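Notes follow the structure.
The values are calculated or read from the model by the stated rules, or taken from the named source; none is laboratory data. Computed from a prediction, not measured in an experiment: that's the story for all the values here. A quick note on method: Cβ atoms are made from the backbone with ideal geometry, for glycine too, and the neighbour counts reach across all protein chains shown. Keep in mind that these areas ignore ligands, DNA and RNA; they rest on the heavy atoms of the full protein, side chains included. Shrake-Rupley method; radii C 1.70, N 1.55, O 1.52, S 1.80 Å.
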Amino acid sequence: MQRLSRDARDTLFLVGVVAMTVAPHLLRIPLWAGASLLLLLGWRVWLAWGARPLPNRWLLMLILASACAAAKISHGVLVGRDAGLTLVTLLMALKLLEMHKRRDAFVVFFLGFFLVLTQFLHSQALWVALWTVATVWGLLTSLVLAQMPLGQPHLKIAAREAARTTLYGLPVMVLLFLLFPRMAPLWGVPGASAGTGLSDQMEFGQVATLASDEAVNLRLRTLDNQRLPPLQQVYFRGPVLTDFDGLTWRALPPSAVPLPPEAWQPGPEPALRYEMLVEPQRVALLPVLEHGPGQPGERWQLPNAPNLSLRRSAELSWIANRPITERLRLEHQAYARGSRLGPFEEHASLRPARRLPPGLNPRMTAWAREQAQGRSPDKLVAVLFAHIRHEPFRYTLTPGVYGELSPHLIDEFWFDRRAGFCEHYAAATVVALRAAGVPARIVTGYQGVDPQLQDGWAVVRNSHAHAWIEYWQPLVGWQRADPTAAVAPERVERGIRLSPPPGALQGALDAIDPTLWARMRRIGEALDLQWQQWVLGYARDQQFDLLRRLGFEEADWTALGHAVAIAIGSLALGALAWMRWRAHEHNPWVRLHQRTLQALQRAGLTQAQPHQAPLRWAALAGQHWGARAAALQAQLAQLEQRRYGPQAELGPWQALRWRQAWWRGLQRSLPRGLGDTPPPSSPSS
């Protein structure tokens with residue numbers, strides 16, 4: 001790098017910063033766009049390294065036209081978030097190839113700042129914020145370098161100046177964050193482009209795949225000093241899967257299930273109140289702790305998401321009016337025991353829960369009908385669970401692929417291979433119950449929580465994904481049953497989950513310390529929780545709480561306006577004071593020089609001028625006072641020697657003591673005393 005010219009070095013640094021800026025977007029833009037972007041950046045590096053000329057403008061125009069045509073084919077439009085992101089990333093790389101003047105570099109800088117902001121359209125995680133800080137610092141460093149055209153300043157100098165300038169603006173940024181009005185649509189956290197968690201359909205192996213993911217799906221904590229129920233009662237209700245075509249289980253559309261007259265009755269125990277932090281979800285459904293209040297058709301408007309409303313389905317799930325693409329913070333309640341789910345008498349909503357695809361799984365159909373002879377639904381469920389316990393069934397994340405040789409998946413699982421995860425056991429149990437004429441359905445969601453709390457919050461991960469069943473019994477309604485408890489009771493009762501083999505990084509860390517990976521993950525998740533609570537979760541309620549702590553009796557929009565006015569006035573006064581302070585000289589030696597000149601002129605030596613050195617003043621004093629100026633001349637010579645001579649460097653407080661002693665000596669040596677001028681009193685004086 002030291003052999004490169006100034007222009008080549010700055011260009012290579014800027015290309016590196018641009019690569020940092022676009023790196024998070026490489027997985028969001030089409031494959032051809034990502035490959036083209038990397039080729040363009042590599043081309044620019046090759047040109048800068050060899051001091052080669054930039055390409056012809058017509059060639060760049062041809063590349064631009066090709067990129068626009070490809071974006072149109074990939075996205076269908078040229079105006080939109082995804083198409084715009086693709087084009088802006090390519091335009092910035094192309095601009096690097098026609099960067100002839102400083103003005104062109106400024107265009108690249110500000111395109112970079114724009115692309116940094118677009119990262120938050122996709123994710124607001126803590127790592128994105130830290131990456132953004134590093135990227136902005138790099139862009140500001142390049143901007144500072146562009147404002148230093150002479151010489152070859154070191155990158156460290158530009159980086160320090162960029163950091164210093166950023167720190168100047170930090171108080172304004174904090175005040176804007178704390179006091180900017182949080183009201184829609186002026187304020188809001190953009191939705192993520194993809195969520196996490198369950199789907200509204202299920203095939204064999206799908207829940208097992210999700211259960212291998214340790215990402216956090218939601219967090220909750222109880223309110224009013226209540227405690228969570230035992231783990232075997234902690235179920236978070238997600239999509240209810242009723243329709244089955246022999247291969248895939250699907251949730252019925254809300255219009256396909258008639259609303260029962262009464263579908264929920266609370267239990268006798270007090271409701272458990274809790275607060276949840278929910279990550280973006282793959283489906284338009286909110287997982288909540290079973291069983292919460294609300295009849296089918298009832299609506300729930302979340303206070304912190306004004307454009308998101310939830311509706312209770314006939315199957316008692318909370319269906320959203322749009323995909324949940326943002327983090328949510330909400331309060332809810334649940335009756336862990338004793339709730340009853342209707343209908344309690346025969347109803348049209350039960351018909352979809354009896355249907356089976358014709359001609360499939362004949363062995364299971366015959367066996368289930370034989371077992372159901374003279375048994376009630378709950379007795380039949382007990383028989384099915386006993387069969388799972390007593391036969392050589394295996395609970396595993398990797399049972400292999402079912403249905404390769406036969407369309408009868410349930411028969412193959414129940415009678416032949418007998419290896420599967422929770423969805424295999426739930427699907428087989430529902431098919432057996434339906435074959436016996438009992439309405440049954442699969443419920444997917446999450447079961448259990450992490451054993452350790454994070455800052456008082458219980459953590460629910462994707463690896464807690466689970467599938468269980470509900471069956472219907474007259475006068476009793478829908479009953480929850482979990483076939484996994486028959487084959488792997490430790491999963492339901494103690495939350496001991498199957499884990500996939502560790503990856504390369506986790507395996508290396510486990511070889512050093514088996515607990516190191518878990519500790520690092522807990523630290524990262526704890527930091528992410530604080531980020532969510534205090535930054536992403538800083539909403540109108542927290543803003544009004546801050547106003548109350550600041551002394552405002554009525555925390556409302558008027559008080560917020562007053563706080564903003566006070567903050568703006570304080571900033572203006574602070575800026576004015578800073579400007580006035582900067583207008584004065586603060587170098588202590590220069591100030592001592594000025595005060596010495598004033599003292600000499602008051603003593604009568606009017607020939608002394610500001611541009612003269614202390615030795616010149618000594619010569620003028622000898623001409624003016626003669627022999628009486630000997631002590632004054634010695635004092636001025638001492639100042640000259642200390643200020644400009646080859647003396648040891650003094651610390652700030654040592655230099656202050658020396659200046660104070662020298663000032664007292666100057667007053668004694670003047671033909672007329674200066675009692676009205678005090679000695680220096682601080683290191684900057």
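Note on Lys72: lysines with a C-alpha under 25 Å away, same-chain residues under 8 apart excluded, are Lys95.
If you take all other residues with their beta carbon under 14 Å from the beta carbon of Leu560, and give Lys and Arg +1 and Asp and Glu -1, the sum is -1.
The solvent-accessible area of Met520, taken with every protein chain present and a 1.4 Å probe, is close to 100 Å². Return one whole number: the accessible area per residue of region 208-312 in Å², for a 1.4 Å probe. With all protein chains present, region 208-312 gives 42 Å² per residue. Along its principal axes, region 504-607 has C-alpha extents of 83, 51, 19 angstrom, given from the largest down. A DSSP coil position with no more than 12 other Cβ atoms inside 10 Å describes the following GluC sites (Glu not before Pro) in region 336-389: Glu345, Glu346. Enter the accessible area per residue of region 67-173 (Å², integer; probe 1.4 Å; all protein chains in place). In whole numbers, region 67-173 has 52 Å² accessible per residue. Using the rule -39500 (n - 2.57) for each DSSP H run of four or more residues, divided by the residues of the chain, the 222 nm mean residue ellipticity is -14500 deg cm²/dmol.
Does region 232-311 come out rounded, prolate or oblate by the C-alpha gyration tensor, with a ≥ b ≥ c the root eigenvalues, rounded set by a/c under 1.5 and, if not, prolate when a/b is larger than b/c and oblate if not? Cα axes put region 232-311 in the rounded bin.
Highest mean first, the peptides 245-256, 204-215 sorted by other C-beta atoms within 10 Å per residue fall in the order 204-215, 245-256.
If a spin label sat at a point 7 angstrom from the Cα of Leu27 along the line to its beta carbon, the backbone N atoms of region 269-298 nearer than 20 Å would be those of 279-283. Protection proxy ranking for 482-491, 613-622, using the average of other Cβ atoms within 10 Å per residue and placing the highest first: 482-491, 613-622. With K and R counted +1 and D and E -1, the other residues having a Cβ less than 11 Å from that of Ala215 yield a net charge of -3. Here the relative contact order of region 39-130, from alpha carbon pairs under 8 Å that lie six or more residues apart, stands at 24 percent. Within the shell defined by Cβ-Cβ distances under 14 Å, the residues around Asp104 carry a net charge of +3, with Lys and Arg each +1 and Asp and Glu each -1. At a probe radius of 1.4 angstrom, the accessible area of region 591-669 per residue rounds to 55 square angstrom. Converting phi to 3J(HN,Hα) with the Karplus coefficients 6.51, -1.76 and 1.60 and the offset θ = phi - 60°, region 19-32 yields 4, 4, 5, 8, 3, x, 8, 4, 7, 9, 9, x, 4, 5 Hz in sequence order, with x at every glycine or proline. The simple spin-label model puts a point 7 Å past each Cα toward its Cβ; for Thr515 and Gln452 those points are separated by 0.7 nm.
In this simple spin-label model, placing a label point 7 Å from the Cα along the Cα-to-Cβ direction at both Arg494 and Trp557 gives a separation of 5.7 nm. Only protein atoms count toward the accessible area here, which uses a 1.4 Å probe; on the chain, the carbon and sulfur part of that area reaches 60 percent.
Distance between the pseudo-spin-label points of Leu60 and Met579 (7 Å out from Cα toward the beta carbon): 3.9 nm. For Ala263, the residues whose modelled amide H falls within less than 5 Å of its own, excluding neighbours fewer than 5 places apart on the same chain, are Gly342. The structure-derived value of volume of the Cα convex hull per residue in Å³ appears in the list [x] 165; [y] 255; [z] 148 under the label [y]. A straight Cα-to-Cα reach below 29 Å connects Lys101 with the lysines Lys156, residues fewer than 8 places away in its own chain not being considered.
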